[in-house]
Each structure stands twice: as C-alpha cells, then as structure tokens.
Amino acid sequence: LREECGVSSWTLLQSLGDAVLVPAGAPHQVQSLTGTISVEQRFLSPENAARLRDHSTHPQLRAQLDGMIFSAVREAVGILRGCK
C-alpha cells in the first residue's frame with residue numbers, strides 16, 4: 001500500500017490493561033497472540049444516520065434511526081446551551 005497509495009502502517013503490541021482507540025473510518029487489522037476478550041463500541045454519526053435513513057425502506061429501521069438522530073440533536077443542543 002505504501003508504494004501504490006502512500007499509505008503506511010503501524011505495528012502495535014497491546015499489553016494487559018492497555019486500551020487502543022482506532023479513529024472512525026481507519027482501516028485496521030487485529031491479530032491475537034493469546035486468548036483475548038474484545039470490547040468495542042461502534043459509532044454512527046447523525047449525518048450518516050440521516051443518510052442511511054433516507055435510503056432505507058424498512059419502517060422499523062427508519063424509526064430507530066429517527067430516534068438516534070433525535071437523541072444526537074438533543075445532546076448537541078444541550079452541550080451548546082452549556083457553552084455560554
């Protein structure tokens with residue numbers, strides 16, 4: 001990838017108790033050297049939720065995305081109101 005696209009990679013050895021944050025949209029690969037427990041949280045931005053909602057024909061998915069968008073907007077408004 002470095003020669004073709006100018007993309008370089010990093011190698012990281014994670015030890016017991018370490019946490020690794022991979023930025024949204026960053027491609028990554030994981031190789032476990034021992035038995036592990038993985039905890040992950042996926043994030044769907046309000047912009048992408050709205051785009052997904054616009055292209056969805058399934059009523060239940062549209063309702064869930066509407067709820068996510070509403071919650072994200074409500075949280076953003078609350079944060080902005082606190083920044084006086």
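Annotations
- Considering residues of the stretch 60-84 that are open to solvent by less than 100 Å² (accessible area, probe 1.4 Å) and of a type outside the set (A, V, I, L, M, F, W, C) only, the residue modelled with the lowest pLDDT: R62
- Only residues that are part of a loop (DSSP other than H, G, I, E, B), open to solvent by 100 Å² or more (accessible area, probe 1.4 Å) and at pLDDT below 80 were counted in the stretch 29-55, giving 6.
The values are calculated or read from the model by the stated rules, or taken from the named source; none is laboratory data. What you see is a predicted model; the values in this text were computed from it and never measured. These area figures cover heavy atoms from the full protein model, side chains too; ligands, DNA and RNA do not enter into them. Shrake-Rupley method; radii C 1.70, N 1.55, O 1.52, S 1.80 Å.
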